[in-house]
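Computed from the coordinates by the stated procedures, all read-outs in this text should not be read as laboratory data. Since the structure is predicted, the reported quantities are computational estimates derived from the model, not experimental observations. Cβ coordinates were reconstructed from backbone atoms using ideal geometry, including for glycine residues, and neighbour counts include every protein chain displayed.
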Amino acid sequence: MKKYFNLLIGITLISLIFINLLILYSTIRLGDEITLYEAKIDQIHRKNIGLEKDLSRLGSLSYARKIAIKLDFTKKAQPEFLEKVTYAFVPNK
């Protein structure tokens, strides 16, 4: 009986060591995946900051002013009045 009991304890200890090694391996693998995802998150965060800067630059009034100068917009538009209700009349100057 004592032999069977010692054999059972030995098999249990070997199986627990094997399970512990499997858990250790999966933990190391998950740690590597977490590191990979953290690097991807950091890269996406940097891209997001760059896009936010571009968006704020494109939405600024100074950028709109530069584009307006390139497109020959004037500061104040001269209003055109309707002489008749059916169409707009712009006299040649």
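Distance between the pseudo-spin-label points of D32 and S56 (7 Å out from Cα toward the beta carbon): 4.0 nm. Here the Karplus relation 6.51 cos²θ - 1.76 cosθ + 1.60, evaluated at θ = phi - 60°, turns the backbone of the stretch 66-71 into coupling constants of 5, 5, 5, 5, 5, 8 Hz, with x for every Gly and Pro.
Using a Förster distance of 35 angstrom, determine the FRET efficiency expected from the C-beta separation of I69 and K40, and round it to 0.05. The partial results should precede the final answer.
Values: r = 41 Å, r/R0 = 1.18.
So the FRET efficiency works out to roughly 0.25.
Restricting the calculation to Cα atoms, the stretch 2-70 yields a radius of gyration followed by a Dmax of 29.4, 98 Å. Residue-wise HN-Hα couplings along the stretch 31-46, as the Karplus relation 6.51 cos²θ - 1.76 cosθ + 1.60 with θ = phi - 60° gives them from phi, are x, 5, 5, 4, 4, 5, 5, 5, 5, 5, 4, 5, 5, 5, 4, 5 Hz; Gly and Pro carry x.
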